[in-house]
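Notes follow the structure.
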Amino acid sequence: MQNRAMREHAARRGWTVAMQVKEVGSGAAQRQRREALIEAARRREIDVVLVWRLDRWGRSVTDLLATLQELEHLGVGFVSLTEALDLTTPAGRAMAALLAVLAEFEREILSERVRAGLAHARKNGKRLGRPISAALHADQVRKLCRSGLSKSEIARRLKIGRTSVRRILTSEKG
């Protein structure tokens, strides 16, 4: 949906799409595809960066402002489609800074809520994390191992991972 809308916008503006970036794991500190796009801007291969939303480009105010300033210095325009921002104007740049502050605030609030929810769950005795599943088969794993089956065959029969089988058998020896 996002890609289609951005391609349609580019077509209406008469732009040629030179590069399309889809960052997977967007919370990552290193965003290699975005870095490749900035490198293309440095080589003067692109004139405008079009994003779906401003928070898709920068994850913090500092990061956002630094990259927007670099793009501006390079003479590369920046347009955020859903916020209808064109950062080639002073008003657009001011609005972008305000939206970036609000987006970072929103992420911090969400993060605080998640931490509070986890703390509440722990306080109420809720076990967090992956449920224990393979350990429930420990007796069967040991029995099948004593009968001479391989770890792989035990894992297949009990429908658990080979690593879990290994871990159960190792804990028995320890």
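For labels at ARG43 and LYS159 in the simple 7 Å Cα→Cβ model, what's the distance in nm?
For ARG43 paired with LYS159, the spin-label model returns 5.1 nm.
Please give the length that would be gained between VAL101 and GLN2 if that part of the chain were fully extended, namely 0.36 nm times their separation in residues minus their C-alpha to C-alpha distance (nm, one decimal).
Taking VAL101 through GLN2 to full extension adds about 33.3 nm, to one decimal.
Report the gain in length on full extension from VAL21 to ALA84: 0.36 nm times residue separation, minus Cα-Cα distance, nm rounded to one decimal.
Value of the extension gain: 20.7 nm.
So for the chain, taking the charge dipole from beta-carbon charges (+1 Lys/Arg, -1 Asp/Glu), which of VAL61, ALA91, GLY75 sits furthest toward the positive end?
Among VAL61, ALA91, GLY75, the one farthest towards the positive end of the dipole of the chain is VAL61.
Need the full-extension length gain, GLU112 to ARG167, defined as separation in residues times 0.36 nm minus the C-alpha distance. One decimal, nm.
16.3 nm
Just grab the label-to-label distance for GLN69 and ALA121, each label 7 Å out from Cα along the Cβ direction, in nm (one decimal).
According to this spin-label approximation, the distance is 4.0 nm.
Let me check against my output: what whole-number percent is the relative contact order of the chain, with C-alpha pairs under 8 Å and at least 6 apart?
Computed over the chain, the figure is 13 percent.
Among rounded, prolate and oblate, which fits region 87-149 when a ≥ b ≥ c are the square roots of the eigenvalues of its C-alpha gyration tensor, a/c under 1.5 means rounded, and a/b larger than b/c means prolate?
Here region 87-149 falls in the oblate category.
Cut-off 19 Å, label point 7 angstrom out along Cα-to-Cβ of VAL61: give me the residues of region 97-132 whose amide nitrogen falls inside.
Answer for region 97-132: 97-112.
Taking a spot 7 Å from the Cα of HIS9 along the direction of its beta carbon, which residues of region 82-118 have an amide N less than 19 Å from it?
Hits in region 82-118 for HIS9 at 19 Å: 82-104.
Counting Lys and Arg as +1 and Asp and Glu as -1, each charge on the Cβ, what is the dipole of the chain about the Cα centre in debye, to the nearest 20?
1760
A short reminder: the numbers here are calculations on the coordinates, not readings from a lab. Because the structure is a prediction, the values reported are computed rather than measured. FYI the Cβ positions are ideal-geometry reconstructions off the backbone, even for glycines, and counts take in every protein chain you see.
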